[in-house]
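Following: one structure in structure tokens, then a few remarks.
The values are calculated or read from the model by the stated rules, or taken from the named source; none is laboratory data. As the structure is a computational prediction, the values presented were derived from the model and not from experiment. All Cβ positions, glycine included, derive from the backbone under ideal geometry; neighbour counts span all protein chains shown. Just so you know, the surface numbers come from the protein's heavy atoms only, side chains and all, with ligands and any DNA or RNA stripped out. Shrake-Rupley method; radii C 1.70, N 1.55, O 1.52, S 1.80 Å.
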Amino acid sequence: MTLSLEQLSARMRQGEDIPLSDTARIALALSIPSILEQLVVTAMEYIDAAMVGHIGAAATASIGIVSSSTWLLHGMLAGLCMAFSIQVAQYLGADRQQDARGVLRQSMLFNLVVGLAAAAFGVGISQFLPGWLGADAALQANASAYFAIWSASLPFVMAMGTYAAMLRSTGDALTPGLISVFTCVLDIIFNFFLINPTREMTVFGQNLTVWGLGWGVPGAALGTALANAVGGTLALGVLLLRDGPLCIRKPGAWRITRACLHNVWKVGAPLAAERAALSSAQVLLVRIVSVLGTTAIAANSLGVSAESLCYMAGYGIQDAALALVGQAVGANRRDMAKRFAWLCTAMGMGIMALTGVGLYVFAPQLMGIFTADAAVIALGARVLRIEAFAEPMFGASIVASGSMQGAGDSTGCFVLNLISMWGVRLTLAVLLAPRFGLVGVWAAMCAELCTRGALFLLRMARGRWLDKGALA
């Protein structure tokens, strides 16, 4: 029988020696739903890219030109929100349930205020952003509309990410996964009617007139925004209505506490800085790619979407590692924190090695999902096969960083990501792009991800990431 995370935490607090088989089972029990959830999140990106990609390369490029900016804004907000879920995991590990509920309430206030401010900021700069990124004039209108609509949905995006992470911190990875599946289904339905115009279709041998708004790229953004709004509301509803350690109906205060603010600053600020460093580097990479032509822009954007099918498994295991290590640190069990960290990292490297093989073998087919443009497919498949060699080490960096963040060592993750992304990837991309084009940019990416994985494995082996200790 598999232990629940709550039972495991109780045994850890009592100082019991937990068998490796039990820790492996609970790691798998948390990882599998989280992997499926991440795959569903990736599927939403695939849906937008595939539906828009069949309109033409220009439509794809208009989304690709602002995609790194959406990563930047969302990444910084996600880093701050993650600081709340890390606190919840550690407080639950220490059996401080009332403190955990207090953090949840404060995260709700934070999401409301910061989410609305971020939405206003994104909508405000949307008109100018494509021009700042060097987009061709023909792409700017659609790119601006996509970014504005996406930005307007940020409060719901933050709500879904934060409350799903809270549920995982309690050991419930299934509910966030089911919410994500439902959100993905809604995304398909909304996009189907919003992207395409009213048209004739043959269904089971019958000719039918199917209504549609025909909004193209803005329709894809609106479909995703509406789906995220429903998903975020559902995640909040679970925490409001369902019984459990984080049930909001249980006693607790809504006041802002000094301890929570201190922990958000201690953990969240480096996480936000890390996401900003990674995503701003991606913005510069898009700027480098933007001068290589529409085919290169489209192949780069769709290639990133195709590759995400591989690394989402790593991010699913990262979610599990963060919850497990966080609870172990809260229970004051450094030995269990190390065991969870290495176990989850090995799982991530193994799974991503397998998906890397699939990426190499099926690269043309993956690109063909998104576009019928032969030139884009050929170039995209070529760069994907370069990237496939980096997947195991990319998996190491993803899962190891989640383990370190669960222990509160977000500063170390920030430093390592900053060194690898800015010192290796950008430097090599600047040197290689003029001569080798998009192939040079992706070769730089492959070299950087291998370097990043080695750096994270080295830091995890040295053990200093555990010196951060439990939060206040």
### Query
Once the piece of chain linking ALA24 and VAL113 is laid out straight, how much longer is it, given 0.36 nm per residue of separation minus the C-alpha distance between them?
28.1 nm
#### Entry: Solvent-accessible area per residue, Å², over region 343-416 with all protein chains present [probe radius 1.4 Å]
33
#### Entry: Full-extension gain in nm, VAL185 to THR198, via 0.36 nm per residue minus C-alpha separation
2.6 nm
### Message
Once R0 is set to 35 Å, what does the formula 1/(1 + (r/R0)^6) return for the Cβ-Cβ distance between ALA58 and PHE389, expressed as a FRET efficiency to the nearest 0.05?
### Response
0.65
### Taking only Cα atoms of region 253-386, radius of gyration then Dmax in Å
19.9, 59
### Query
Out of residues 5 or more away from GLY212 or on other chains, whose amide H comes under 5 Å of its own, with H placed 1.01 Å from N in the peptide plane?
THR198, ARG199
### Query
Given the convex hull over the Cα atoms of the chain, what projected area results after averaging over all orientations, in nm²?
22.0
### Query
What ³J(HN,Hα) values, in whole Hz, does the Karplus curve 6.51 cos²θ - 1.76 cosθ + 1.60 give for region 96-102 when θ = phi - 60°, with x put for Gly and Pro?
9, 5, 5, 5, 5, 5, x
### Task
Report the calculated FRET efficiency for ALA374 and TRP254 (r = Cβ-Cβ distance, R0 = 56 Å), to the nearest 0.05.
0.45
#### Entry: Karplus (6.51, -1.76, 1.60) ³J(HN,Hα), θ = phi - 60°, over region 213-220, in Hz, Gly and Pro reported as x
7, x, 8, x, 4, x, x, 5
### Summary
For region 194-268, Rg(Cα) over 2.2 N^0.38 Å is 1.96
#### Entry: Cα centroid separation - region 188-254 against region 125-139, whole Å
28
### 1.4 Å probe accessible area per residue over region 110-260, in Å²
47
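Ranked highest first by average number of other Cβ atoms within 10 Å, how do 424-434, 166-176, 91-101, 451-461 line up?
Put in order of decreasing packing, that is 166-176, 91-101, 451-461, 424-434.
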### Task
Could you rank the peptides 221-233, 362-374 by their average count of other C-beta atoms within 10 Å per residue, with the highest value first?
221-233, 362-374
### Task
With θ set to phi - 60°, apply the Karplus curve 6.51 cos²θ - 1.76 cosθ + 1.60 along region 33-40 and write out the HN-Hα couplings as whole Hz, x wherever there is a Gly or Pro.
x, 5, 5, 4, 4, 5, 5, 5
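Please report, in whole Å³, the volume per residue of the convex hull around the C-alpha atoms of region 60-193.
Hull volume over Cα atoms, normalised by residue count, gives 103 Å³.
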### Query
What does the helix-only formula give at 222 nm for the chain: each DSSP H stretch with n ≥ 4 adding -39500 (n - 2.57), the total divided by the residues, and the result rounded to the nearest 500 deg cm²/dmol?
-27000 deg cm²/dmol
### Message
Could you order the peptides 287-298, 185-196 from most to least packed, using the average number of other C-beta atoms within 10 Å per residue?
### Response
287-298, 185-196
## Note on the structure
Here the FRET efficiency for GLU16 versus ASP467, based on Cβ atoms and R0 = 22 Å and rounded to 0.05, is 0.35
### Reduced Cα scattering model of region 362-472, Debye log10 I(q)/I(0), q = 0.11, 0.16, 0.19, 0.22 Å⁻¹
-0.45, -0.78, -0.94, -1.08
### Message
What is the percent carbon and sulfur in the accessible area of region 390-472, measuring with a 1.4 Å probe over the protein chains and ignoring ligands?
### Response
68
